[in-house]
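J.: Sharing a structure below in structure tokens format, with a few things to ask.
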Amino acid sequence: MSSTLSAVVDLDVEGPTISRHLYGHFAEHLGRCIYDGFWVGEDSPIENVEGIRDDIVEALRGLDIPNLRWPGGCFADEYHWADGVGPREQRPRMVNTHWGDVEENNHFGTHEFMRLCELLGAEPYISANVGSGTVRETSDWVEYLTREGDSPMARLRRQNGREEPWQVAFFGIGNEPWGCGGNLTAAQYGATARQHATYARDHGGNRLHRIAAGANEDDYAWTEQLMREVTSGLQDEEPSDIYQAISFHYYTRSGPWMDKGSATDFTVDEYWTTMRAAQRVERIIAGHKAVMDAYDPGQKLGLALDEWGSWWNVEPGTNPGFLFQQNTMRDALVAAVHFEAFHTHADRLRLATIAQTVNVLQAMVLTDEHRMILTPTYHVFAMSTGHHDGVHRTVHPLSEEPVRAVDGETVRTLPVSVSTREGRITVTAANLDPDQAATARLRLRGGELGGGVRSARLLTAEPAAHNTAEAPAEVAPRDFDGARLDGEEMTLELPASSFVAVEL
Ligand code: AHR
């Protein structure tokens, strides 16, 4: 038996642009993401560029990473940036109280992070310390990073070896202030965020895109309070002059917070509960959008999902504070589900960063001493680069979509996305059903299809399949021969548990 989606796509009707920044990443001082991940130090036997691990950079360049968020997460609100500049051996140490209670030597600081962004070709997304830092620290950090000419912070930066200012695109005003970032109320944070955002100045030609720290999941009241704060009582400013976006966080789990489930050992029921949880992100984005629309119908402020992904119990025997988890085909499909939701709401959703890039949560790569593997999630990111900055084209089902009922909710089992960019059409589709093949029939109306299928790739494996150092290509993409184009009719024959990307 096979389930079928029949749909029409109007290639001559433009949807919003899918910002490439929806494919962003996050690197926190947490477990082995930075230390023993990105950062091995200049003296390491592992090949590195100025202390940054070579093979990781090379792998991530394959994803065209648009932005990288740092230094946290919860860590951001106890990080004092001035401790992370200057000669490494003289940098003060601190305790990373959130993650493993380990000592942080501050060897990876501002200069090292900005160098990493240069190597990746990614825009930096820096999160300020609002929870335990001061407005002055925020102001000084921005000056240090972006000011040219003569000023106290620009002089300090030069003294530390960097002549020219950097360009910083994104600047976060704290993180999860309702929890680890200070346990503030929405009203308290709203006022504090306005202050920090005001003193995070635009120096010279640099234009910061300031992102206020938003809600946990579907806490729409938080978003509403921030929208109220930023639209009220302003004398000479527009709300979008204060900050330019509001974020929220949403993680996918199959179990409760205290027992989130195993990354690799799960039942069929847990698989479907995971897909249901992943698909909730679409509803939550729509909910935050609705609140923002009421205060900002012109869509001047953006929405950012700056932490998302699957969160499982840590791998047995690893430090519970390090959040190290394996990554399976199920995780790859979780990512595919998110991307479809992101594209649908790309008018308001302008940035998303998955947690986290290396060795933490839903990572792109996992390392074990000198060895490194690409995860199934990595491959979905790599196969989706055709959507970066593409124009979204809505997929209109012609009859009922294939669905599955999961505990009273409906999970759409064949999400499909279409976008166009510079004369190319990218179609991605996921078959979430682990047991049955599926067919997507798409009538692609109103476009230029003369080039036919230029490339077609398939990622398929049973849901628990994953890559290890011993078997690094257990889940890896291969050429897909199930895509046909006949006039304007496109047919995709998807195996069970699969993700495909086709370029026309
Ligand atoms: O990504 C791990 C943690 O999850 C982050 O530090 C925090 O913001 C969130 O609770």
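The values are calculated or read from the model by the stated rules, or taken from the named source; none is laboratory data. Since the model is a prediction, treat every value here as computed from it, not as a measurement. We place every Cβ from the backbone using ideal geometry, glycine too, and count neighbours over all the protein chains shown. Just the protein is used for accessible areas: all its heavy atoms, side chains included, with ligands, DNA and RNA removed. Shrake-Rupley method; radii C 1.70, N 1.55, O 1.52, S 1.80 Å.
J.: Does the range 249-261 hold any residues that are in contact (Cβ under 8 Å) with a residue 12 or more places away in the chain and out of contact with any Phe, Trp or Tyr (no Cβ under 8 Å at 6 or more places or on another chain), and which are they? Break it down stepwise before answering.
T.: As a first pass, look at the range 249-261 and keep what is in contact (Cβ under 8 Å) with a residue 12 or more places away in the chain: 249-255, 259-261.
Residues satisfying the conditions are 255, 259.
J.: I'd like to know if the range 290-306 contains one or more residues that are closer than 30 Å to residue 461 by Cβ and of a type outside the set (Asp, Glu). Walk me through it before giving the result.
T.: First pass over the range 290-306, keeping only residues closer than 30 Å to residue 461 by Cβ: 305-306.
With the extra rule that they be of a type outside the set (Asp, Glu), the set shrinks to 305.
Yes, some residue in the range 290-306 is closer than 30 Å to residue 461 by Cβ and of a type outside the set (Asp, Glu).
J.: Another question, if that's okay. Among the residues of the range 285-311, write down those that are within 16 Å of the ligand (Cβ to nearest atom) and touching a helix residue (DSSP H, G or I) at 6+ places or on another chain (Cβ under 9 Å).
T.: Within the range 285-311, the subset within 16 Å of the ligand (Cβ to nearest atom) is 304-311.
Scanning the range 285-311 gives 304, 305, 308, 309, 310.
J.: Is one or more of the residues making up the range 39-51 in contact with a Leu (Cβ under 8 Å, 6 or more places away or on another chain) and buried (at least 17 other Cβ atoms within 10 Å of the Cβ)?
T.: Scanning the range 39-51, I find no residue that is in contact with a Leu (Cβ under 8 Å, 6 or more places away or on another chain) and buried (at least 17 other Cβ atoms within 10 Å of the Cβ), so the answer is no.
J.: On to the next question. Determine, yes or no, whether residue 269 is at pLDDT below 95 and assigned to a helix (DSSP H, G or I). I'd like the intermediate steps shown before the answer.
T.: Values: at pLDDT below 95: no; assigned to a helix (DSSP H, G or I): yes.
Taking the combined requirement at face value, the residue does not satisfy it.
J.: Return the residues of the range 475-488 that are surrounded by fewer than 12 Cβ atoms within 10 Å (Cβ to Cβ) and within 24 Å of residue 6 (Cβ to Cβ); say none if nothing qualifies.
T.: 481, 486, 487
J.: OK, next. So for the range 38-49 (the condition being on the phi < 0 side of the Ramachandran plot and within 16 Å of the ligand (Cβ to nearest atom)), does at least one residue qualify? Before you say what the answer is, go through the steps one by one.
T.: From the range 38-49, those on the phi < 0 side of the Ramachandran plot are 38-40, 42-49; that's our starting set.
Filter once more, keeping what is within 16 Å of the ligand (Cβ to nearest atom): 38.
Yes, because at least one residue in the range 38-49 is on the phi < 0 side of the Ramachandran plot and within 16 Å of the ligand (Cβ to nearest atom).
J.: Still on this structure, I have one more. Out of the strands (runs of 3 or more DSSP E) lying entirely within the range 401-446, which hold 1 or more residues that are under 14 Å from residue 500 (Cβ atoms)? It would help to see each step written out before you state the result.
T.: Details: elements: 403-406, 409-412, 416-421, 424-431, 438-445.
Correct list: 416-421, 424-431, 438-445.
J.: Here are 350, 404: which of them is under 15 Å from the mean Cα position of the chain (by Cα), open to solvent by 20 Å² or more (accessible area, probe 1.4 Å) and either farther than 25 Å from residue 447 by Cβ or of a type in the set (A, V, I, L, M) (or both)? Break it down into steps so the answer makes sense when it comes.
T.: Values: 404 fails: under 15 Å from the mean Cα position of the chain (by Cα).
Every option except 350 fails the conditions.
J.: Hand me the list of strands (runs of 3 or more DSSP E) wholly inside the range 68-160 holding 3 or more residues that are within 16 Å of the ligand (Cβ to nearest atom) and under 23 Å from residue 350 (Cβ atoms). Give the derivation first.
T.: Values: elements: 94-96, 102-104, 123-128.
In the range 68-160, 123-128 are the strands (runs of 3 or more DSSP E) which contain 3 or more residues that are within 16 Å of the ligand (Cβ to nearest atom) and under 23 Å from residue 350 (Cβ atoms).
J.: Tell me the strands (runs of 3 or more DSSP E) entirely within the range 301-397 that contain at least 2 residues that are of a type in the set (D, E, K, R) and touching a residue at least 12 places away in the same chain (Cβ under 8 Å). Steps first, answer last, please.
T.: Numbers: elements: 302-310, 349-355, 365-368, 371-374, 391-393, 395-397.
Correct list: 302-310.
J.: Same structure, new question: Quick check on the range 199-240: of everything there that is under 27 Å from residue 145 (Cβ atoms), within 26 Å of the chain's Cα centre (by Cα) and part of a helix (DSSP H, G or I), which residue is modelled with the lowest pLDDT? Walk me through how you get there before you give the answer.
T.: Initial filter on the range 199-240 (under 27 Å from residue 145 (Cβ atoms)): 199-214, 226, 229-230, 234, 236-240.
This time we only want the ones that are within 26 Å of the chain's Cα centre (by Cα), so: 200-202, 206-214, 226, 230, 239-240.
Next, only the ones that are part of a helix (DSSP H, G or I) stay: 226, 230, 239-240.
Details: 226: 95, 230: 85, 239: 65, 240: 73.
This residue is 239.
J.: Can you tell me which residue is nearest to the ligand (Cβ to nearest atom) among those in the range 165-213 that are basic (Lys, Arg) and under 19 Å from residue 153 (Cβ atoms)? Let's see the steps before the verdict.
T.: Applying the first criterion (basic (Lys, Arg)) to the range 165-213 yields 194, 201, 207, 210.
Remaining after also requiring under 19 Å from residue 153 (Cβ atoms): 201, 207, 210.
On the way: 201: 26, 207: 26, 210: 18 Å.
Step by step, filter the range 165-213, then rank; the result is 210.
J.: Can you tell me which of 191, 278 is part of a helix (DSSP H, G or I), aliphatic (A, V, I, L, M) and under 25 Å from residue 133 (Cα atoms)?
T.: Numbers: 278 fails: under 25 Å from residue 133 (Cα atoms).
Matching residue, one of 191, 278: 191.
J.: Look through the range 52-73, keep the residues that are open to solvent by 20 Å² or more (accessible area, probe 1.4 Å) and closer than 27 Å to residue 208 by Cβ, and return whichever of them is farthest from the chain's Cα centre (by Cα).
T.: Within the range 52-73, the subset open to solvent by 20 Å² or more (accessible area, probe 1.4 Å) is 54-55, 58, 61-62, 64.
In the following step, the residues that additionally are closer than 27 Å to residue 208 by Cβ were identified as 61, 64.
Working: 61: 15, 64: 13 Å.
Filtering the range 52-73 for residues that are open to solvent by 20 Å² or more (accessible area, probe 1.4 Å) and closer than 27 Å to residue 208 by Cβ, the one farthest from the chain's Cα centre (by Cα) comes out as 61.
J.: Which pairs do you get when a residue that is open to solvent by less than 30 Å² (accessible area, probe 1.4 Å) and in a strand (DSSP E or B), found in the range 449-474, comes within reach of a residue that is at pLDDT 95 or above and among the charged types (D, E, K, R), reach meaning Cβ atoms under 7 angstrom, with the pair 6+ apart or on two chains?
T.: 456/479; 458/478
J.: Looking at (1) farther than 19 Å from residue 345 by Cα; (2) over 21 Å from the mean Cα position of the chain (by Cα), find the lone condition where residue 421 falls short.
T.: Here residue 421 meets the rest and fails (1).
J.: Only one of 141, 166 is touching a residue at least 24 places away in the same chain (Cβ under 8 Å) and more than 19 Å from residue 243 (Cα to Cα); which? So that I can check it myself, show each step before the final result.
T.: Details: 141 fails: more than 19 Å from residue 243 (Cα to Cα).
Sole residue among the options that is touching a residue at least 24 places away in the same chain (Cβ under 8 Å) and more than 19 Å from residue 243 (Cα to Cα): 166.
J.: Another question, then. Taking residue 365, is it more than 15 Å from the ligand (Cβ to nearest atom), over 13 Å from the mean Cα position of the chain (by Cα) and hydrophobic (A, V, I, L, M, F, W, C)? Don't jump to the end; show me each part of the working.
T.: Working: more than 15 Å from the ligand (Cβ to nearest atom): yes; over 13 Å from the mean Cα position of the chain (by Cα): yes; hydrophobic (A, V, I, L, M, F, W, C): yes.
Taking the combined requirement at face value, the residue satisfies it.
J.: Confirm whether residue 426 is surrounded by 17 or more Cβ atoms within 10 Å (Cβ to Cβ) and under 25 Å from residue 249 (Cα atoms).
T.: On the way: surrounded by 17 or more Cβ atoms within 10 Å (Cβ to Cβ): yes; under 25 Å from residue 249 (Cα atoms): no.
So residue 426 fails the test.
Each row is one residue, and each column tells you yes or no for (1) open to solvent by 60 Å² or more (accessible area, probe 1.4 Å); (2) aliphatic (A, V, I, L, M).
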position: 219; (1), (2): no, no
position: 238; (1), (2): yes, no
position: 242; (1), (2): no, yes
position: 247; (1), (2): no, no
position: 250; (1), (2): no, no
position: 256; (1), (2): yes, no
position: 263; (1), (2): no, yes
position: 267; (1), (2): yes, no
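J.: Out of 342, 324, report the one residue that is open to solvent by less than 10 Å² (accessible area, probe 1.4 Å) and of a type outside the set (Ser, Thr, Tyr).
T.: Only one candidate passes the filter, namely 342.
J.: Now for a separate question. Has the range 395-410 got any residue that is closer than 18 Å to residue 20 by Cβ and away from the ligand (no atom under 16 Å from the Cβ)?
T.: Here is the first cut: in the range 395-410, the ones closer than 18 Å to residue 20 by Cβ are none.
There is no residue in the range 395-410 that is closer than 18 Å to residue 20 by Cβ and away from the ligand (no atom under 16 Å from the Cβ).
J.: Another question about this same structure. Go through the range 281-299 residue by residue and tally those that are surrounded by fewer than 17 Cβ atoms within 10 Å (Cβ to Cβ) and not in a helix (DSSP H, G or I).
T.: Looking only at that region, the number is 3.
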